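> Have a look at this one before I ask anything.
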Amino acid sequence: MQKTASLLFLLLIASACQKNNNAEKDLIKKADWLIGNWETKNNIGTLSENWEKVNDSTFKAKSLFIKDKDTIHNESIILEQKGENLSYTTTIIGQNDNKPIRFQLKEGIENELIFENLKNDYPQKISYKKTSKTSFIAQISGLQSGKTSAEKYNMVKTK
């Protein structure tokens, strides 16, 4: 009887650990729809984000804003899951001494990811909202010079 109880206890623990590991891996899967090349154009120039899957827990992206032939904005992004945490780390050339800034997932639902870093000067919030299979809205927001500010980018999939 004691052997049976011990065996059941071990099976219960193993099952719980397996469910927890699956839940952890599922968190980054909420962002699978980001994979691909995206862009938006306006009268100033073209913003692009190119996302690729590195492995089961990491995605990376390159974001560029091009005006005529000049690169105005050059950013590298890492979306990484460690345990039950999903972080969005951005490194922008020419800003923050080229050091990375990390944002933590505050809210992640099926078609929207919201990351926050309240200690960052601007933005404090970065969000991605899927609007269709071929489009999403990226938004940065927060306080800038003491005033609430937000910038939205309607991104369209190019491939």
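> Taking residue 130 as the residue in question, decide whether it is touching a residue at least 40 places away in the same chain (Cβ under 8 Å), of a type in the set (D, E, K, R) and in a strand (DSSP E or B).
Numbers: touching a residue at least 40 places away in the same chain (Cβ under 8 Å): yes; of a type in the set (D, E, K, R): yes; in a strand (DSSP E or B): yes.
It is true that residue 130 is touching a residue at least 40 places away in the same chain (Cβ under 8 Å), of a type in the set (D, E, K, R) and in a strand (DSSP E or B).
> Going by what's in this entry, would residue 153 be described as surrounded by 16 or more Cβ atoms within 10 Å (Cβ to Cβ), over 16 Å from residue 31 (Cβ atoms), of a type in the set (Ser, Thr, Tyr) and out of contact with any helix residue (DSSP H, G or I) (no Cβ under 8 Å at 6 or more places or on another chain)? If you could, list the steps in order and put the result at the bottom.
Working: surrounded by 16 or more Cβ atoms within 10 Å (Cβ to Cβ): yes; over 16 Å from residue 31 (Cβ atoms): yes; of a type in the set (Ser, Thr, Tyr): yes; out of contact with any helix residue (DSSP H, G or I) (no Cβ under 8 Å at 6 or more places or on another chain): yes.
So residue 153 passes the test.
> Here is a further query. Condition (residue is among the charged types (D, E, K, R), in a loop (DSSP other than H, G, I, E, B) and surrounded by fewer than 17 Cβ atoms within 10 Å (Cβ to Cβ)) applied to segment 114-122: is it met by at least one residue?
Step one: filter segment 114-122 for residues among the charged types (D, E, K, R), giving 116, 119, 121.
Filter once more, keeping what is in a loop (DSSP other than H, G, I, E, B): 119, 121.
Now drop any that are not surrounded by fewer than 17 Cβ atoms within 10 Å (Cβ to Cβ), which leaves 119, 121.
For segment 114-122, residues among the charged types (D, E, K, R), in a loop (DSSP other than H, G, I, E, B) and surrounded by fewer than 17 Cβ atoms within 10 Å (Cβ to Cβ): present.
> When you go through 74, 85 one by one, which is the residue that is polar (S, T, N, Q) and farther than 24 Å from residue 154 by Cβ? Explain how you work it out, then say what you get.
On the way: 74 fails: farther than 24 Å from residue 154 by Cβ.
When all the criteria are applied, what remains is 85.
> Also, quick follow-up: Which residues, counting only those in segment 86-96, are part of a strand (DSSP E or B) and out of contact with any Pro (no Cβ under 6 Å at 6 or more places or on another chain)?
Filtering segment 86-96 for residues part of a strand (DSSP E or B) gives 86-92.
Hits for segment 86-96 are 86, 87, 88, 90, 92.
> Let me ask something else. Failed condition for residue 47, given (1) among the aliphatic types (A, V, I, L, M); (2) in contact with a helix residue (DSSP H, G or I) (Cβ under 7 Å, 6 or more places away or on another chain); (3) over 16 Å from residue 30 (Cβ atoms), with all others met?
Failed condition: (2).
> Something else: Report every pair of residues separated by at least 6 positions or lying on different chains whose Cβ atoms are under 6 Å apart, first residue within segment 97-109 and assigned to a strand (DSSP E or B), second at pLDDT 95 or above and of a type in the set (Val, Ile, Thr).
101/90; 102/89; 103/126; 106/114; 107/114
> Take the residues in segment 99-111 that are at pLDDT 95 or above and out of contact with any Phe, Trp or Tyr (no Cβ under 7 Å at 6 or more places or on another chain); name whichever of them is surrounded by the fewest Cβ atoms within 10 Å (Cβ to Cβ).
So the residue we want is 99.
> Tally time: how many residues in segment 68-81 are exposed (fewer than 12 other Cβ atoms within 10 Å of the Cβ), charged (D, E, K, R) and either under 15 Å from the mean Cα position of the chain (by Cα) or assigned to a strand (DSSP E or B) (or both)? Even if it seems obvious, please write down each step before you answer.
So the first thing to find is which residues in segment 68-81 are exposed (fewer than 12 other Cβ atoms within 10 Å of the Cβ), and the list is 68-71.
Then drop every residue that is not charged (D, E, K, R), which leaves 68-70.
Narrowing further to those that are either under 15 Å from the mean Cα position of the chain (by Cα) or assigned to a strand (DSSP E or B) (or both): 70.
Residues that pass the stated criteria total 1.
> Go through segment 108-128 and report how many residues are within 11 Å of the chain's Cα centre (by Cα) and of a type in the set (S, T, N, Q).
Narrowing segment 108-128 to residues within 11 Å of the chain's Cα centre (by Cα): 108, 112-116, 126-128.
In the following step, the residues that additionally are of a type in the set (S, T, N, Q) were identified as 127.
Here the count works out to 1.
The values are calculated or read from the model by the stated rules, or taken from the named source; none is laboratory data. Nothing here was measured: the structure is a model prediction, and the numbers come from that model. Using ideal geometry, Cβ is built from the backbone for each residue, glycine included, and neighbour counts are taken over all protein chains shown.
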